[in-house]
Amino acid sequence: MTIAQSTEFPRPEPVGHGPGVVGTPDEFAELLPQTRRALLHRLAVGQAEGRAPSMTGAVVRDGRAVWTGARGAVAGEAPHGDVQYRIGSLTKTFVAVLVLRLRDEGRLRLEDPVGRHLEGTPVPDATIAQLLSHSAGLAAEPRGPWWERTAGELRPEPADLFDERPQRLPAGRHHYSNVGYALLGALVERLRDGVPWGEVLRREVLEPLGMDRTTLRPEKPYASGWAVHPWADALLPEPAEDTGLMGPAGQLWSTLQDLCRWAAFLLRGDARVLGAASLAEMRTPAVPPESGTWDAGYGLGVQLLRREGRLLVGHQGSMPGFLAALWADAEEDVAGVVLTNCTSGPAAGALAADLTGIVLAHEPRIPEPWRPLTGPLDPELLALTGPWYWGANPHALRLRAERGLELTPLSGAGRSSRFRAEEDGTWTGLDGYYAGETLRVRRDRDGAVSHLDLGTFVFTRGPYEPSAPVPGGVDPEGWRD
C-alpha cells in the first residue's frame, strides 16, 4: 500500500450555517504557526506510533473548524475532509439526540419504562434514561457471533438480540451495553410511526445540520478498514457489515467535515434539532461513581472525561478496521476530532483530547467582552441582588440576562448555582447542588421581602437574622462575645 504523507488541509473548512455556527472559509481566524505545527506534530506522532494506514484530525473552536490535518493515504492519496470513515459508537450520540427530541416533544419521559412504548422487549422495566446512560444492567453484547463482524441478518428480530439472561447486573450501576442502544433505535422507529431510525436521523438531524456525508452505508470516497499485524508492518482487510438491528450502537459512517459540524452542534445546540438546555442535560453525569471521585463517566448518550482539570464530553468509537473520537470542552468551546482506519493501535481518544489541550495551551481562550444587560431593569429584581446568608455563611446573588440569577458563596465552602426565571415568578436551578430546585422570594405581611426559600433552605439578609423564619429559630440573646 502506498503511503502518501500530508501536512495540513489547505484551509479549515466551514462546519455549517445553523445558529451559533458561522459562515465561510474567509471568516476563519487562523491559529498561530506554532500552534498549527504542534497540532500537526501530535497527529503525525499518533499516526506513526499507532501504525495507522491513514489518520485525519480537526479542531473546532467558537463554532468553526480552525485546523484540519491528515497523515497517511486512502487509495494512494492523502485523505481529505470529505473522505468517509466508520465512526462506531459515536453513532450513540446521534441516537441519544433523537430520543431527547422525542422527550422534548412530549412523546416520552426519560423515567418511562421502555416496555411502555416498545412491546415485546425482554427488559420492559428498563427506563429510557437507564438505556441512554448504560445503567439498566443489560448485557454488553447481543446473542450470537461477534456482531461487529457479522451480518445483521443473523439477528432479524429484537428477541434475537438477547439470550436467556438479558440483564447481567442490577439496574443503577453503569455497565456499557451496545444492545441497549439497539432498543433505543427500535424505540425511535416505534414512536416515529415505523420510519427506520436511520431515515429519522437523516430528516431530523443530518439534513438540518448540513451533514449530507453521514450515512448508514459507505459512500465514495471512503476509507477501507484494515487490521495491522502486531509484529509486522502488514495489513489485513476487515469486513464492513451492515449490522441491522444493532446499527444504532455503531453503524454510521461520517467525514471529518461532518463531525466538525457535529462537534459545533454538541457544544452550542441548534434550535432546529435540539436546544442548548437539552444538550447540557446530556452532559450531566447520569450515574454516580462507585468510588468517591471519577475521571470518566457517562451522561445521556455521551461519555464524560476529566483531563488536566477540564471536563470533556463526547464519545469514542471503534468498529473492525476503524477508530474514531470526538472530545469537546463546553466551557472553552473547543473540540477535537480524530478518524483513522485501523482496528487497533492508535489512541484516538487521547489524541482528540490532546488536540483540544494543545490549542488551549498555545492560545488560551479570549473571553467575550463584558456587556451590560439589555432592556429595562426591573427595580424589584435589582433590589434582590447582593449579600444573602444561609445561616452564617455569606452568599452573593447576582442578576444575569433574561432575569436569570446566580448564587455563589463568598467564603468557605458553599454551593453555587445558576437559576432560570419562570413565568410564575420563581426560578429553577440549572446546575450544581440546586439543579432542578425552586428558588422563591418570600414576603412578609406588608409585602416586603422577608427571605429566599431555596429547596427549604432559608437565605436571609443578615446572618441568622432573628426576624426571618430560620428553621429551628434563633437564640433570643443573639450573638455574643
Subject >> Positive-end extreme of charge dipole, the chain - chosen from Pro376, Ser411, Val114 (charges on Cβ) >> reply: Ser411
Original post:
Quick one: helix 348-362 against the long Cα principal axis of the chain, what's the angle to the nearest 10°, folded into 0 to 90?
Top reply: 60 degrees
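Can you compute the helix-only [θ] at 222 nm over the chain? Use -39500 (n - 2.57) per DSSP H run of at least 4 residues, normalise by all residues, nearest 500 deg cm²/dmol. Please report the intermediate quantities before stating the final value.
Details: 9 runs with 96 residues, N = 481.
Dividing the helical sum by the residues of the chain leaves -6000 deg cm²/dmol.
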Original post:
Using 7 Å Cα-to-Cβ label points, what is the Glu119/Thr408 separation (nm, one decimal)?
Top reply: 5.5 nm
**OP:** Express the relative contact order of region 379-460 as a whole percentage, based on alpha carbon pairs under 8 Å and six or more residues apart in sequence.
**Re:** 19 percent
Original post:
Cα convex hull of region 85-362: how many Å³ per residue?
Top reply: 142 Å³
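Dipole size in debye (nearest 20) for region 327-463 around its Cα centre, Lys and Arg Cβ +1, Asp and Glu Cβ -1? Present the calculation step by step, with values, prior to reporting the outcome.
Working: 13 positive and 19 negative charges, 97 e Å.
Here the size comes out at about 460 debye.
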Original post:
Given (1) 20.9; (2) 28.0; (3) 33.1 as candidate values of mean projected area of the Cα convex hull in nm², which corresponds to the one derived from the coordinates?
Top reply: (2)
Subject >> For region 139-186 versus region 366-382, the gap between their alpha-carbon centres in whole angstrom >> reply: 51 Å
**OP:** Please determine, in degrees from 0 to 90 and to the nearest 10, the orientation of helix 33-50 with respect to the longest principal axis defined by the Cα atoms of the chain, where the helix direction is its Cα long axis.
**Re:** 60 degrees
Subject >> Rounded tilt (10° steps) of 256-268 against the dominant C-alpha axis of the chain >> reply: 10 degrees
Original post:
Relative contact order (percent) for the chain, with alpha-carbon contacts under 8 angstrom and 6 or more residues of separation?
Top reply: 16 percent
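Each reported figure results from applying straightforward, stated rules to the coordinates on display, with no laboratory input. Small disclaimer: the values here were computed from a predicted structure and weren't measured. Every residue, glycine among them, receives a Cβ derived from its backbone with ideal geometry; neighbour counts consider all protein chains shown.
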